[in-house]
Amino acid sequence: MDFDVIIGFETHVELKTQTKLFCSCAVDYEASPNSRICPVCTGQPGALPVLNKRAVQFTVKAGLALGCMVNRHSRFARKNYFYPDLPKGYQISQYERPFCQDGLLEITGDDGKPYPVGIKRVHLEEDAGKLVHSSSSFESSTHSFVDYNRSSVPLLEIVTDHERNPLRSVQEARGYLEKLRQILRYIEISDCSIEKGQFRCDVNISFDPEARRPLAIDRRSKTWPPSSSSWMPWNTRSRGSPRSWSPRGDDSGDKALRRGQEGDLADEEQRGRARLPLFP
Ligand SMILES: [Zn+2]
């Protein structure tokens, strides 16, 4: 049986700031464990976060480079969950109002033509700490350590759009990740070192046997970069011409402002449009 495939990515990128997202602790990947921590990034009672301005600038820069609309008003949210590397018991992230949304990243499609992959959102959040197990195998580990140096390091999350020009083959997925990493390195907001975990992604793969919705099978993987054998040769049965789509932002002057319209965002706030073109 042939399948249509839709591939989605949530890519996390550690930003190249000197200090963490909500405190003045240094971002230092070479430091000894738990030597770059303070009451804020370890979630001590009464500690108050202060937002890193440079991290916000980097986020907007990434949004512009990806042809996104930059929201005039944005909001952080608490994502509550328990894990030993998260001392606060919640992660400060974004949900309703990300800094940037509705962008694109142009790659070469399977047909050899330019294909603008839809970017759903670009938001800012804090990284968690890191667990270090006593053995390379989790099952055989007898104990684990936790290093909070990475706790609250600025983390960019870039999410592809599964409905608007999604990725539909392994080749396109690979092209997307390589192009994305290239752009983020070019605008100098991250070194995107894969060995240091500065560029990592969750993958959401949907298989659709008869090109109908809802999709039939959903598989998630958290591995990237994969081993060479992981780029399996399965591919789409066929793909029609990509839907014609261009980035928002072709208005000018006052027209570049419009009312937020979606759901709970339909309030009196106005959102500006990014018009970008850092890249041709
Ligand atoms: Zn700190």
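The values are calculated or read from the model by the stated rules, or taken from the named source; none is laboratory data. Just so you know, these numbers come straight off a predicted model, no measurement behind them. Backbone-built Cβ (ideal geometry, glycine too); neighbour counts: all protein chains shown.
Of note:
- Of the residues in the range 89-98, at least one is part of a loop (DSSP other than H, G, I, E, B), touching a strand residue (DSSP E or B) at 6+ places or on another chain (Cβ under 7 Å) and under 21 Å from Tyr148 (Cα atoms).
- Against the numbered list (1) within 11 Å of the ligand (Cβ to nearest atom); (2) surrounded by fewer than 22 Cβ atoms within 10 Å (Cβ to Cβ); (3) closer than 15 Å to Ala128 by Cβ, Arg36 comes up short only at (2).
- Taking the numbered list (1) away from the ligand (no atom under 15 Å from the Cβ); (2) closer than 17 Å to Lys20 by Cβ; (3) in contact (Cβ under 8 Å) with a residue 12 or more places away in the chain in turn, Val50 passes all entries but (1).
- In the range 19-33, the residues that are within 10 Å of the ligand (Cβ to nearest atom), farther than 15 Å from Glu125 by Cα and hydroxyl-bearing (Ser, Thr, Tyr): Ser24
- Filtered residues of the range 192-206 (kept if over 12 Å from the mean Cα position of the chain (by Cα) and surrounded by 16 or more Cβ atoms within 10 Å (Cβ to Cβ)): Cys192, Asn204, Ile205, Ser206
- Scan of the range 134-153 for residues that are of a type in the set (D, E, K, R) and in contact with a strand residue (DSSP E or B) (Cβ under 6 Å, 6 or more places away or on another chain), ordered by number: Asp147, Arg150
- From the options Gln57, Gln91, residue that is more than 11 Å from the ligand (Cβ to nearest atom) and without any contact (Cβ under 8 Å) to a residue 12 or more places away in the chain: Gln57
- Of all residues in the range 152-170, those being of a type outside the set (A, V, I, L, M, F, W, C), modelled with pLDDT of 95 or more and either within 16 Å of the ligand (Cβ to nearest atom) or farther than 22 Å from His12 by Cβ (or both) number 2.
- Test set (1) within 15 Å of the ligand (Cβ to nearest atom); (2) modelled with pLDDT of 95 or more - Leu15 fails condition number: (1)
- Annotation note: Cβ proximity below 6 Å between a residue of the range 151-162 that is over 18 Å from Val56 (Cα atoms) and a residue that is away from the ligand (no atom under 15 Å from the Cβ) (sequence gap 6+ or interchain) occurs for Thr160/Gly8; Thr160/Phe9; Asp161/Gly118; Asp161/Lys120; His162/Ile6; His162/Gly8.
- Just one residue in the set Leu131, Leu105, Leu124, Leu156 is in contact with a strand residue (DSSP E or B) (Cβ under 9 Å, 6 or more places away or on another chain), assigned to a strand (DSSP E or B) and more than 22 Å from Arg181 (Cβ to Cβ); that residue is Leu131.
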